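Down below is the structure, laid out as structure tokens.
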Amino acid sequence: MTIAILGGTGKEGFGLALRWARAGETIIIGSRDAARAQESADKIKTRASQSKISGADNIAAASAADVIVLTVPFEGHVRLLKQIKSTLKPGAILIDATVPLAASIGGRVTRTIGIWQGSAAQQAAEILKGTPVVAAFQNISAEFLNGEADLDSDVIVCGDDDRANQIARGLAEKIPGVRALDGGHLENARVLEQITALLITLNIRYKAHTGIRVTGLK
Ligand SMILES: NC(=O)c1ccc[n+]([C@@H]2O[C@H](COP(=O)([O-])OP(=O)(O)OC[C@H]3O[C@@H](n4cnc5c(N)ncnc54)[C@H](OP(=O)(O)O)[C@@H]3O)[C@@H](O)[C@H]2O)c1
């Protein structure tokens, strides 16, 4: 299974790539600039020896992958999805970690903006009709992913396709210290996206990096 991380030169995508490279996954870092993607891949190699990682422009990365992970700021979401739409392999799935923070249109970082479809992930599903879309990783801070310690977080996965959901939960649990939870249908993605804005508020108020753990599960 090849995983393309679009926007993988940024904080969140780089952190996911690092953790999955260490877990032995085959990764392609995607960027608008292939050279920048390769630079990030080379940096990961220095922190994850033996890793199977390379860099490419976003479109080439997406077209070569079985799993595409979207980690770009919301302002780039629609354009990038439209660019990759016709290039995806049959059977490919998309995991969307995008949070539609108001900051992406000049507003506050502690608020999300309203999306007609209900969430960024539902917007992705509408654009990529036919490709299963899963919402996950919105509530995992890049700060944790890029550190060396195990995480202490749940990743709630929402989606309408069982196979895609399972793949996303499996990848989440390859990150040490993460428990993956089934969060139901893709329509719940809007909750995941809004929780991130709340976590950012907590981070500011408590000068911390926060994540979520759900209690009461057996
Ligand atoms: N940071 C976190 O802790 C965190 C946690 C959970 C979820 N998220 C979500 O994950 C996404 C990425 O967050 P981030 O903090 O990693 O962002 P970031 O570092 O600002 O950006 C990630 C990458 O996206 C690419 N990019 C920037 N603007 C773009 C545009 N207009 N169109 C296409 N690509 C663009 C850039 O790569 P190139 O210039 O190389 O193309 C950049 O390195 C966001 O939606 C964010 O809300 C972030």
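The values are calculated or read from the model by the stated rules, or taken from the named source; none is laboratory data. Worth saying up front: this structure is predicted, and the values here are computed from it rather than measured. Here the Cβ positions follow ideal geometry from the backbone for every residue, glycine too, while neighbour counts run over all protein chains shown.
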The stretch 148-202 - residue that is of a type in the set (S, T, N, Q) and within 25 Å of T110 (Cα to Cα) and, of those, surrounded by the most Cβ atoms within 10 Å (Cβ to Cβ) = T196
Could you check, for the stretch 57-64, whether at least one of its residues is of a type outside the set (D, E), assigned to a loop (DSSP other than H, G, I, E, B), modelled with pLDDT of 95 or more and farther than 22 Å from N146 by Cα?
-> yes
Quick one: count up the residues across the stretch 79-117 that are loosely packed, with under 14 Cβ neighbours inside 10 Å and either β-branched (V, I, T) or within 10 Å of the ligand (Cβ to nearest atom) (or both).
-> 2
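Output the residues belonging to the stretch 176-193 that are assigned to a helix (DSSP H, G or I), more than 15 Å from the chain's Cα centre (by Cα) and touching a residue at least 40 places away in the same chain (Cβ under 8 Å). Walk me through how you get there before you give the answer.
The first filter runs over the stretch 176-193 and keeps only residues assigned to a helix (DSSP H, G or I), leaving 186-193.
Now drop any that are not more than 15 Å from the chain's Cα centre (by Cα), which leaves 187-188, 191.
Once the filter is applied, which keeps residues that are assigned to a helix (DSSP H, G or I), more than 15 Å from the chain's Cα centre (by Cα) and touching a residue at least 40 places away in the same chain (Cβ under 8 Å), the stretch 176-193 yields E187, N188.
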Could you please find all residues in the stretch 2-30 being over 21 Å from I93 (Cβ atoms) and among the hydroxyl-bearing types (S, T, Y)?
-> T9
Filter the stretch 161-218 down to residues that are closer than 15 Å to A97 by Cα and at pLDDT below 95, then give me how many there are.
-> 0
Taking the stretch 1-16 and keeping residues over 10 Å from the mean Cα position of the chain (by Cα), aliphatic (A, V, I, L, M) and either crowded, with 24+ Cβ neighbours inside 10 Å or closer than 14 Å to E39 by Cα (or both) leaves I3, A4
